[in-house]
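The values are calculated or read from the model by the stated rules, or taken from the named source; none is laboratory data. None of these values were measured; they are calculated from a predicted model. Note: ideal-geometry Cβ built from the backbone for every residue, glycine included; neighbour counts use all protein chains shown. In case anyone asks, the SASA skips ligands and DNA or RNA and just uses the protein heavy atoms, side chains included. Shrake-Rupley method; radii C 1.70, N 1.55, O 1.52, S 1.80 Å.
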Amino acid sequence: MEQMSLFDAMPVSGNLAVPLASRLRPRKLGDFIGQEHLLGPGKMLRQLIEKDQISSMIFWGPPGVGKTTLAGIIAERTKADFINFSAVTSGIREIRDVMNQAEAGRKMGIRTVLFVDEIHRFNKAQQDAFLPFVEKGSILLIGATTENPSFEVNAALLSRCRVFVLKALGEEELVKLLGNALQNPAGFAGQRIEISGEQLKAIAVFANGDARTALNTLEMVVLNGEITPEGSIRIGNEGLAQCLDRKSLLYDKAGEEHYNLISALHKSMRNSDPDAAIYWMCRMLEGGENPLYIARRLIRFASEDIGMADSNALTVAVAAYQACHFLGMPECDVHLTHAVTYLSMAPKSNALYRACEKCKEDVSSRTAEPVPLVLRNAPTKLMEDLHYGDGYLYAHNTEEKLTDMECFPESMRGSRYYYPTKEGAEAKVGERLREIMEWKRGKRETDA
């Protein structure tokens, strides 16, 4: 816990012991790159900061887009006491100490702005400790999070905060950022760096919207550059390629992006788009996802979205799971690609899913009637005496391999859940079901 500006400990010149991204952290709105939808001329957040009229707010966005930097800019401009609070190192006692200090300040007419980085790391009890002080206005809370605040911030606290969504930086914005780093005295202005526009663009693409990654990568590239006889630093393509060996994709296997990507995979397959489906699958694998998780989701998809339209889809999905189990990564990626492509191109039917969901509704909302006696086995004499199995008709004993025996409980007679579509093989299934229903109807009418 610190009662200070985020910039207090920041170096003001090119101290090479401090990472480039920290040395170049903007102190003024005019130096901030990106988030034009929030900070462009006339935009709401810019006006709130410039007029020092901030309210409690949450900055939500991926890493390296300026959440902490914006908090630092607010710290520089506000006339309120600014407290930097860590969700990692602070507990309930520290929270209460700060809240009591803020409440005392409020009674003296002093505003307190509390910045909480990684607010999603606070548990419910810790977040609840903020709530009464936010309600009374003892503090103005600024939280920063990479996780969806709808899931990670208590609803009562979230309802009292304005959420600003920060976006990943675009390629042009990152190139501009890198160019500024080469010209800034805190960066590489004192050195002659021979680097091309295409090389800067390659770093920007590699950074994947993350300004911190872009600047730290540039620093690594420069430090590993070739020193020429003239004293300049030349960036070669081979050295650059080594620094860009592997992209760190935004992917948290326990967070929202995990569900976003599996949702994108499902919906691409459902839309019969194999190319997009393969792309999202590869994004998950490159982000470190367990291939068995993807395979399990494919098994679910095979019955939920394809079902009887192509029953072989389930076989393919289960086989892909087995292949992933036998081989693991990286070899099993082609088996997942096989399954994803098959499921994408298969005819689609959600008739089984709809049947299951409707039946579950009835099971949960209606009386659980006993199994009709006709459907019960009678392995003991007592059960026979109680008429278990009386009237049971064995379908294999009939020429049609059908009977008109009622299999539902009395109150459920006539219920229907499965309505076949006309997609793929399910069209034949639907025709067969219609024939069966017509035969049973005719048989009952005749018997009556």
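Considering every residue within segment 401-408, establish whether at least one is outside any loop (DSSP other than H, G, I, E, B), surrounded by 15 or more Cβ atoms within 10 Å (Cβ to Cβ) and of a type in the set (Val, Ile, Thr). Within segment 401-408, none of the residues are outside any loop (DSSP other than H, G, I, E, B), surrounded by 15 or more Cβ atoms within 10 Å (Cβ to Cβ) and of a type in the set (Val, Ile, Thr).
Where residues in segment 422-438 are among the charged types (D, E, K, R) and part of a loop (DSSP other than H, G, I, E, B), which of them is least open to solvent (accessible area, probe 1.4 Å)? The qualifying residue least open to solvent (accessible area, probe 1.4 Å) is Glu423.
Being at positive phi, free of Cβ contacts under 8 Å to residues at least 60 places away in the same chain and either part of a helix (DSSP H, G or I) or out of contact with any Ser or Thr (no Cβ under 7 Å at 6 or more places or on another chain) (or both) is the requirement here; does Gly109 meet it?
yes
Any idea which residue in segment 42-91 is modelled with the lowest pLDDT, counting only those that are within 15 Å of Phe133 (Cβ to Cβ) and open to solvent by less than 50 Å² (accessible area, probe 1.4 Å)? Residue satisfying both the conditions and the ranking: Ser90.
Looking across segment 331-370, just one residue is assigned to a loop (DSSP other than H, G, I, E, B), basic (Lys, Arg) and surrounded by 14 or more Cβ atoms within 10 Å (Cβ to Cβ), and that is Lys348. Screening segment 409-421 for residues that are of a type in the set (S, T, N, Q) and outside any helix (DSSP H, G or I) and picking the one that is farthest from the chain's Cα centre (by Cα) gives Ser415.
How many of the residues making up segment 222-256 are under 30 Å from His120 (Cα atoms), open to solvent by 50 Å² or more (accessible area, probe 1.4 Å) and either more than 12 Å from the chain's Cα centre (by Cα) or modelled with pLDDT of 70 or more (or both)? Break it down stepwise before answering.
Let us first name the residues in segment 222-256 that are under 30 Å from His120 (Cα atoms), namely 246-256.
Then keep just the ones that are open to solvent by 50 Å² or more (accessible area, probe 1.4 Å); that gives 246-248, 250, 252-254.
Next cut, either more than 12 Å from the chain's Cα centre (by Cα) or modelled with pLDDT of 70 or more (or both) only: 246-248.
Residues meeting the conditions: 3.
Just wondering, is there one or more residues in segment 264-274 that are buried (at least 18 other Cβ atoms within 10 Å of the Cβ), in a helix (DSSP H, G or I) and basic (Lys, Arg)? No, the conditions are met nowhere in segment 264-274. Among the residues of segment 134-147, the ones that are of a type outside the set (A, V, I, L, M, F, W, C), over 17 Å from Pro63 (Cβ atoms) and surrounded by 18 or more Cβ atoms within 10 Å (Cβ to Cβ) come to 1 in all.
Count of segment 24-41 residues, restricted to those that are open to solvent by less than 10 Å² (accessible area, probe 1.4 Å) and at pLDDT below 90, is 0. Among the residues of segment 133-161, those identified as in contact (Cβ under 8 Å) with a residue 12 or more places away in the chain and assigned to a helix (DSSP H, G or I) are Phe133, Val134, Glu135, Lys136, Pro149, Phe151, Glu152, Ala156, Leu157, Leu158. Out of all the residues in segment 287-315, which are open to solvent by 20 Å² or more (accessible area, probe 1.4 Å), part of a helix (DSSP H, G or I) and under 13 Å from Cys332 (Cα atoms)? Answer for segment 287-315, where residues must be open to solvent by 20 Å² or more (accessible area, probe 1.4 Å), part of a helix (DSSP H, G or I) and under 13 Å from Cys332 (Cα atoms): Leu292, Tyr293. For residues that are small (Gly, Ala, Ser) and touching a residue at least 12 places away in the same chain (Cβ under 8 Å), scanning just segment 380-411, find the one that is nearest to Gly442 (Cα to Cα). Per the criteria, the residue is Gly391. Filtering segment 148-179 to residues that are open to solvent by 70 Å² or more (accessible area, probe 1.4 Å), more than 16 Å from the chain's Cα centre (by Cα) and over 30 Å from Leu218 (Cβ atoms) leaves Ala155, Ser159, Arg160, Arg162. The sole residue among Phe130, Phe115 that is within 27 Å of Ser22 (Cβ to Cβ), under 27 Å from the mean Cα position of the chain (by Cα) and aromatic (Phe, Trp, Tyr) is Phe115. Of the numbered criteria (1) open to solvent by 30 Å² or more (accessible area, probe 1.4 Å); (2) over 32 Å from the mean Cα position of the chain (by Cα), the one Lys201 fails is (2).
When Gln101 is tested against (1) over 14 Å from Phe130 (Cβ atoms); (2) open to solvent by 20 Å² or more (accessible area, probe 1.4 Å); (3) touching a strand residue (DSSP E or B) at 6+ places or on another chain (Cβ under 8 Å), only condition (1) is not met. Given (1) under 24 Å from Arg46 (Cβ atoms); (2) touching a residue at least 24 places away in the same chain (Cβ under 8 Å); (3) of a type in the set (Gly, Ala, Ser), where does Gly179 come up short, assuming only one miss? With (1) under 24 Å from Arg46 (Cβ atoms); (2) touching a residue at least 24 places away in the same chain (Cβ under 8 Å); (3) of a type in the set (Gly, Ala, Ser) applied to Gly179, the lone miss is (2). Take Ala378 and tell me if it is surrounded by 15 or more Cβ atoms within 10 Å (Cβ to Cβ) and within 30 Å of Ala309 (Cα to Cα). No: the conditions fail for Ala378.
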